[in-house]
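The values are calculated or read from the model by the stated rules, or taken from the named source; none is laboratory data. Since this is a predicted model, take the numbers as computed values, not measurements. For neighbour counting, all protein chains shown are included, and Cβ atoms are generated from backbone atoms with ideal geometry for every residue, glycine included. SASA here: full protein model, heavy atoms, side chains in, ligands and nucleic acids out. Shrake-Rupley method; radii C 1.70, N 1.55, O 1.52, S 1.80 Å.
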Amino acid sequence: MQRDVTKAVFPVAGLGTRFLPATKSIPKEIMTLVDRPLIQYAIDEARAAGITEFIFVTSRGKSALEDYFDHAPELERALEEKRKTDLMEVLDATNMPSGAIAYVRQAEPLGLGHAVWCARRLIAADEPFAVILPDDVISGEPPCLQQMVEAYAETGGNMVAAMEVPDDKASSYGILDVAEDDGNMARVKAMVEKPKPGTAPSNLAVIGRYILSPTVLDTLESQRTGAGGEIQLTDAIAAEISAGRTVSGLRFRGQRFDCGSKAGFLQATVAFGLARGELRDEFATYLRELVANGMAD
Ligand code: UTP
């Protein structure tokens, strides 16, 4: 019987160059969507899916991210004295119980596959694990990883979150070559990372949520660099298929924002701002006026 998915790896060791100069001193995952850092959305999604152990693959310059999960006794005391119970609850969601969170270092940014491999000693040989890329923010109900955990309970194997992308964008993603597709779940026969324009086997792209078999870590052990000179997670997952194990792509229900890009981050800010009851009216009025005054020019 397969084990439940209770561990998640968060690869957060990238350089975040698309957000320079901000990322010179602020980790990308600490950048704020409305009023909480990207990493908080990822943690909330992981908890909703039943994750209880959190593994962060970090690098130099990420101390603000590590500090974020610590208790803040002075702040907590001040809020308590002022009886700000709503803010105390908000703060409570940022705390991690002792021992629930682990940090491993990626010494050099050699790619996403390499970052995941850095967590190998914290995953048992029979233990499936989730991977969450915090810069893919997904709004959905139930949250994306929960949808995947529920589907995984039926399928086992390996599972990736999948989304259709326009043909001219396929070369920016890992793309699935699909054997069978029931419109909800695709059985994958091959995967290709960042296919050259015009060569993508489909327009079903991999988004930053995965449930993986620990055998992927064995593959990563000896894996060479792939697209872009990086050690690619997509290639290690594709090797699972050659080894006779299954890979499924779940078309999750929800909307994904690429918060690793400036345009995606701005779109997420508008969507999440409008979704917040306390901001909606004022923000929507502002946006309507902006459009009416011809901001498109
Ligand atoms: P990205 O491709 O978005 O790279 O990584 P990046 O370095 O974060 O950002 P840019 O492209 O320079 O702006 C996708 C995810 O993989 C992690 C990143 O932290 C991000 O969560 N990653 C990437 C690593 O942890 N290590 C790596 O070597 C590469």
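Annotation: residue 260 fulfils all but one of (1) part of a loop (DSSP other than H, G, I, E, B); (2) among the small types (Gly, Ala, Ser); (3) modelled with pLDDT under 95; the unmet one is (3).
Would region 64-80 turn up any residue that is in contact (Cβ under 8 Å) with a residue 60 or more places away in the chain and either in a loop (DSSP other than H, G, I, E, B) or over 30 Å from residue 227 (Cα atoms) (or both)?
Step one: of region 64-80, the residues in contact (Cβ under 8 Å) with a residue 60 or more places away in the chain are none.
Within region 64-80 (the criterion being in contact (Cβ under 8 Å) with a residue 60 or more places away in the chain and either in a loop (DSSP other than H, G, I, E, B) or over 30 Å from residue 227 (Cα atoms) (or both)), the answer is no, since none of the residues qualifies.
Filter region 196-206 down to residues that are away from the ligand (no atom under 16 Å from the Cβ) and in contact (Cβ under 8 Å) with a residue 12 or more places away in the chain and give me whichever is surrounded by the most Cβ atoms within 10 Å (Cβ to Cβ).
If we filter region 196-206 for residues that are away from the ligand (no atom under 16 Å from the Cβ), which is where we start, we get 196-204.
Adding the requirement that they be in contact (Cβ under 8 Å) with a residue 12 or more places away in the chain leaves 196-197, 200-204.
Details: 196: 10, 197: 9, 200: 21, 201: 16, 202: 20, 203: 16, 204: 24.
Looking at residues that are away from the ligand (no atom under 16 Å from the Cβ) and in contact (Cβ under 8 Å) with a residue 12 or more places away in the chain, I get 204.
Pairing residues of region 100-122 that are more than 9 Å from the ligand (Cβ to nearest atom) with residues that are among the small types (Gly, Ala, Ser) and open to solvent by less than 40 Å² (accessible area, probe 1.4 Å), at Cβ distances under 7 Å and at least 6 apart in sequence or on separate chains, gives 104/119; 105/59; 122/102. Of the residues in region 218-227, none is of a type in the set (Val, Ile, Thr) and assigned to a strand (DSSP E or B). For region 10-28, a residue qualifies if it is more than 8 Å from the ligand (Cβ to nearest atom), within 20 Å of residue 105 (Cβ to Cβ) and not in a loop (DSSP other than H, G, I, E, B), and exactly one does: 24.
From the list 164, 193, 154, the lone residue that is in contact with a helix residue (DSSP H, G or I) (Cβ under 6 Å, 6 or more places away or on another chain) and farther than 20 Å from residue 46 by Cβ is 193. Identify the residue in region 207-230 that is open to solvent by less than 20 Å² (accessible area, probe 1.4 Å) and within 13 Å of the ligand (Cβ to nearest atom) and, among all such residues, is farthest from residue 124 (Cα to Cα). Only one residue tops the list, namely 207.
In region 254-282, which residue that is in contact (Cβ under 8 Å) with a residue 40 or more places away in the chain and among the polar types (S, T, N, Q) is least open to solvent (accessible area, probe 1.4 Å)? Don't jump to the end; show me each part of the working.
Narrowing region 254-282 to residues in contact (Cβ under 8 Å) with a residue 40 or more places away in the chain: 254-262, 265, 268-269, 271-273, 275-276, 279.
Subsequent filtering for residues that are among the polar types (S, T, N, Q) retains 255, 261, 269.
Details: 255: 103, 261: 28, 269: 47 Å².
Per the criteria, the residue is 261.
The residue that is nearest to the ligand (Cβ to nearest atom), among those in region 41-58 that are open to solvent by less than 20 Å² (accessible area, probe 1.4 Å) and in a strand (DSSP E or B), is 57.
Within region 33-40, is even one residue over 24 Å from residue 225 (Cβ atoms), within 14 Å of the ligand (Cβ to nearest atom) and part of a helix (DSSP H, G or I)? Yes, the conditions are met somewhere in region 33-40. In region 85-131, the residue that is farthest from residue 64 (Cα to Cα) out of those that are outside any loop (DSSP other than H, G, I, E, B) and in contact with a Ser or Thr (Cβ under 7 Å, 6 or more places away or on another chain) is 105.
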